[in-house]
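Step one of this worksheet: look at the structure below.
The values are calculated or read from the model by the stated rules, or taken from the named source; none is laboratory data. No experiment lies behind these values; they were computed from the predicted model shown. Cβ atoms come from the backbone with ideal geometry, glycine included; neighbour counts cover every protein chain shown.
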Amino acid sequence: MRFNSLNTKTVAIRIAFALLFIFGSNYASASNENNEENDFNAGEMIMHHILDAHEIHLFTLNEGTPEEHHINIPLPIILYTDDRGVEVFSSSKFHNADHSYDRYIMHHEKIYIADADGQLVFDEKEHAINEKPIDLSITKTVTGILITVILMFFLFGGMAKSYKKRRGQAPKGVQSFLEPLVLFVRDEIAKPSIGHKYERYMPFLLSVFFFIWIANLLGLIPFIGGFNVTGNISITLVLATFTFVITTFTSNKNYWIHIFNTPGVPWWLKLPVPLMPVIELFGMFIKPVVLTLRLFANITAGHIIILSFVSLIFIFGNLFGDGAGYGVSIVSIAFSIFMNFLELLVAFLQAYVFTLLSALYFGAAVEEHH
Amino acid sequence: MDLVQPGLGLVIWMTLAFLVVLFLLGKFAWKPILTMIREREESIEDALKEAEKAKDAIRKLKSDNEQLLNEARQEREEIVKSAREMKSRILAEAETKANEKGDKIIAEAREQINAEKSAAINELKNQVAALSIEIAEKIVKQELASNDKQKELIQNALESSKLN
C-alpha cells in the first residue's frame, strides 16, 4: 500500500514537472515578451506559494485589472545590521511601487540594502548583488512553526492535564485520540528500533513526530495562505541536525568501533586504504542529509503537484479560451482532490518515516556489542 | 536556487522553537503522559492477573462445591439404603414375632381346648357314672328281686365297665 502510493506519487510528480516545463516555460517567455497582458505563469505562482514570504497572502481582489488589490496579513520584519543593530517594522511598509522602506528594498521576498542611489544592482544573471542585512523576520514559515508549536502545547498540555485529572482511568476526549498515536510512536517506532534504552529518546521522537505531522497537515489546509513548513529545507535541516546531534552525543563505544573498525569486513578494506572507515564516516553525515531532503522533497512535491493541477485550468484557459479552462477544471479538481487525500496519507507517512529513521539511528548509536 | 537554500533566520527560529517544544513538552507533557500510561498499563496488567487469580479461585470453589455435593449425594444414598435395610429388618422381625405370638396363642388355645375337653369328658363321665349308678340302682332294685338275677347283673355290669 505504501509503495503503491509512493509509485503513484512519483509518476504524478514526473507528469507535473513535464507539464510545468512545457507550459511554464512557454508562459514565462510569453509574459516576458508582453508584460502588460498579465498572463498566468504557473511556475512563478507555484514557487511563490512554496517559498517563504514576509506576509500571508490570502487572496487577490480584481485580479488582472488596474484595481488589483492583494489581501495580506503583514508580518513583522526583524533585521540585524552591524551599524544599526536590530530593527523591527511591519512588512506592510514595503507595499509601495518600488518595494522599498527606509534604506531597504525587498526583491523576490529577499531584503537588500539599497545602494547610494537607493537602487538595487543586478549581475548578468539578474541576481541582486546588494549587501543584505541578517533577516530574522517572522515570516510565513515562522508563523507556521509558531502555529504548530502552539497547537502542540495546547493539545499535549491538555492531554497531560487530563491524565493528571483522570489518573488510572480510561482516556477520554482528545486524550483518547492522541493516546494511540503516542503509543504508536512508543510501541511501533521507539521500542523495536532502539530497544530497552528507548525511554530517554521518547521526548524527542514524540516531539518530532507530532511537529512534522501537524506542520504537514497545516500545509494542506486551503485558504489560510498555504503554509509550507515541512516543505522548507531550513526546517527539515534543523530537525535532521537534532537527530544527528542526539545520535552523536548519546552514542556508545560500539557505535564508533562500528564506524572506524567495522566488524565482519575483510581487513584489506580497512588497511592500508581505509575504504570502509571513510565510507562509514560519510554515512554518518549522509544520514541527516537524506533525512533533510526526503521530508523536504516529499512535502514540496505534494504541494507542487496540487498547485500544478490547479494551474492547468488557467493554462488551458489562456491557451484555448475560457471553455477549455472550464473543461479541464473538472479533471483538474478531481485530481487535486485525489492528491489532497494522498497528501493526508503522506503527511502521516513522512512524519512516521522521519521518526522511524531517527529512532533507527539512535538504536545504532546505543546498540550493545553482540 | 532559493528552494534548496536554507535561510539563516528560519534556521534560528526553528531551532529555538523546537528547543522550546522539546524542553516544555518534555517536562510538562511527554514525561507525565508516558509515566501515567505506563502506570495505567501496569494497573491493567495487575487487574488482569487478579482477575485470573479470582477465576482460578472460583474454579476451585466450584470443584469443591461439586465434590461436596457428590459427597452429600453419596451420603444420602447410603442413608436411604440403610433406612431401607432397617425397614426390611424391622418388618422381618415383626413378622417372626407375630408368627411366634400367633403360634403361642394357638398352642395356648389348643391346650385350653384340650383341658376343657378333658374337663367336659370327666364331667360327662361323672354324670354317666351317676346316671349309670341311678339306672343301676333302679335296675338293681328291680332285678335284685331275685338273687340270680342280681348275680347276673353284677357280672354284666362289671364286664361292661371294663370296656369303658
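Return yes when A:ILE147 is within 27 Å of the chain's Cα centre (by Cα), more than 10 Å from chain B (Cβ to nearest Cβ) and of a type in the set (Val, Ile, Thr) and no when it is not. It is true that A:ILE147 is within 27 Å of the chain's Cα centre (by Cα), more than 10 Å from chain B (Cβ to nearest Cβ) and of a type in the set (Val, Ile, Thr). Taken over region A:247-261, the criterion of being within 24 Å of A:TYR201 (Cβ to Cβ) and either assigned to a loop (DSSP other than H, G, I, E, B) or charged (D, E, K, R) (or both) is satisfied by A:SER251, A:ASN252, A:LYS253.
Results for (1) under 29 Å from A:PHE227 (Cβ atoms); (2) under 30 Å from the mean Cα position of the chain (by Cα); (3) part of a helix (DSSP H, G or I); (4) among the small types (Gly, Ala, Ser), shown as yes or no for each residue.
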position	(1), (2), (3), (4)
A:VAL273	no, no, no, no
A:ILE279	no, yes, yes, no
A:LYS287	yes, yes, yes, no
A:LEU295	yes, yes, yes, no
A:GLY302	yes, yes, yes, yes
A:VAL310	yes, yes, yes, no
A:VAL331	yes, yes, yes, no
A:ILE337	yes, yes, yes, no
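A count restricted to region B:6-16 and to residues that are surrounded by 20 or more Cβ atoms within 10 Å (Cβ to Cβ) and more than 7 Å from every other protein chain (Cβ to nearest Cβ) stands at 0. Exactly one residue out of B:LEU34, B:LEU19, B:LEU3 is within 11 Å of another protein chain (Cβ to nearest Cβ), out of contact with any strand residue (DSSP E or B) (no Cβ under 8 Å at 6 or more places or on another chain) and modelled with pLDDT of 95 or more: that is B:LEU19. Only one of the numbered conditions (1) surrounded by fewer than 14 Cβ atoms within 10 Å (Cβ to Cβ); (2) within 10 Å of chain B (Cβ to nearest Cβ); (3) basic (Lys, Arg) is violated by A:LYS172, and that is (2). Can you work out which of the residues in region A:116-142 that are among the charged types (D, E, K, R) and more than 14 Å from every other protein chain (Cβ to nearest Cβ) is surrounded by the fewest Cβ atoms within 10 Å (Cβ to Cβ)? Checking each candidate, the answer is A:GLU124. Can you find a residue in region A:322-345 that is within 30 Å of A:ARG186 (Cβ to Cβ) and either hydroxyl-bearing (Ser, Thr, Tyr) or crowded, with 19+ Cβ neighbours inside 10 Å (or both)? Yes, there is a match, as at least one residue in region A:322-345 is within 30 Å of A:ARG186 (Cβ to Cβ) and either hydroxyl-bearing (Ser, Thr, Tyr) or crowded, with 19+ Cβ neighbours inside 10 Å (or both).
In region A:40-88, which residue that is within 12 Å of chain B (Cβ to nearest Cβ) and either without any contact (Cβ under 8 Å) to a residue 12 or more places away in the chain or farther than 25 Å from A:ILE233 by Cα (or both) is surrounded by the fewest Cβ atoms within 10 Å (Cβ to Cβ)? Taking the candidates together, the pick is A:HIS48.
Residue selection: A:LEU178 satisfies the criterion of being outside any strand (DSSP E or B), touching a Leu at 6+ places or on another chain (Cβ under 7 Å) and at the interface with chain B (Cβ under 10 Å from one of its Cβ atoms). For region A:272-319, taking the residues that are of a type in the set (Phe, Trp, Tyr) and without any contact (Cβ under 8 Å) to a residue 60 or more places away in the chain, the one that is nearest to A:GLY219 (Cα to Cα) is identified as A:PHE316. Scanning region B:32-46 for residues that are within 11 Å of A:TYR163 (Cα to Cα) and either in contact with a helix residue (DSSP H, G or I) (Cβ under 8 Å, 6 or more places away or on another chain) or of a type in the set (Val, Ile, Thr) (or both) yields B:PRO32, B:ILE33, B:LEU34, B:THR35, B:MET36, B:ILE37.
The single condition from (1) touching a residue at least 12 places away in the same chain (Cβ under 8 Å); (2) within 11 Å of chain B (Cβ to nearest Cβ) that A:TRP213 fails is (2).
When region B:37-62 is limited to residues that are among the acidic types (Asp, Glu) and more than 9 Å from every other protein chain (Cβ to nearest Cβ), the one that is farthest from A:PHE156 (Cα to Cα) turns out to be B:ASP56. Is there a residue being part of a loop (DSSP other than H, G, I, E, B), at pLDDT 55 or above and touching an Asp or Glu at 6+ places or on another chain (Cβ under 6 Å) anywhere in region A:33-47? No, region A:33-47 contains no residue that is part of a loop (DSSP other than H, G, I, E, B), at pLDDT 55 or above and touching an Asp or Glu at 6+ places or on another chain (Cβ under 6 Å).
Does at least one position in region A:201-211 carry a residue that is touching a Lys or Arg at 6+ places or on another chain (Cβ under 7 Å), surrounded by fewer than 23 Cβ atoms within 10 Å (Cβ to Cβ), at pLDDT 90 or above and in the same structural domain as A:ILE150 (by TED's automatic domain parsing)? Checked against the condition, which is being touching a Lys or Arg at 6+ places or on another chain (Cβ under 7 Å), surrounded by fewer than 23 Cβ atoms within 10 Å (Cβ to Cβ), at pLDDT 90 or above and in the same structural domain as A:ILE150 (by TED's automatic domain parsing), region A:201-211 yields at least one hit.
Residues checked against (1) of a type in the set (Gly, Ala, Ser); (2) in contact with a strand residue (DSSP E or B) (Cβ under 7 Å, 6 or more places away or on another chain); (3) closer than 30 Å to A:VAL290 by Cβ:
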{"position": "B:LEU24", "(1), (2), (3)": "no, no, yes"}
{"position": "B:PHE28", "(1), (2), (3)": "no, no, no"}
{"position": "B:ARG59", "(1), (2), (3)": "no, no, no"}
{"position": "B:ALA72", "(1), (2), (3)": "yes, no, no"}
{"position": "B:ARG76", "(1), (2), (3)": "no, no, no"}
